[in-house]
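Values in this text are rule-based calculations from the coordinates and carry no lab data. Predicted model, so just to flag it, every value in this text is computed and none were measured. Cβ coordinates were reconstructed from backbone atoms using ideal geometry, including for glycine residues, and neighbour counts include every protein chain displayed.
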Amino acid sequence: MDFGKLYRPTLFNSWQFIAFTGLIMSGGAEVIMRLIQYPRPAGYGWLYLCWAALFVVGALVNLFGKPTPHGHHHHHH
């Protein structure tokens, strides 16, 4: 089992990458809101829980899903 799939963005699947990006963007937006003293919208904290849940689901699929056989990658040029 390759635990690098949990912390190395180059090994993330699309669900993990979307969740990771969402966490970063939501955190960045919260920092900006605090800097300009804009009140955090009601329920904003739920975003983090949703991103984390999506990441966990993606990580489980990435760790325990059927691996792609070598030599059978889909590259379109």
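To the nearest 0.05, how large is the calculated FRET efficiency for Lys66 and Trp46 if R₀ is 35 Å and r is the Cβ-Cβ distance? That gives a FRET efficiency of 0.65. When peptides 22-29, 33-40 are ranked by their average number of other Cβ atoms within 10 Å per residue, the highest-first order is 22-29, 33-40. Where the alpha-carbon atoms of region 6-46 are placed on the principal axes, they occupy 37, 19, 12 Å, in descending order.
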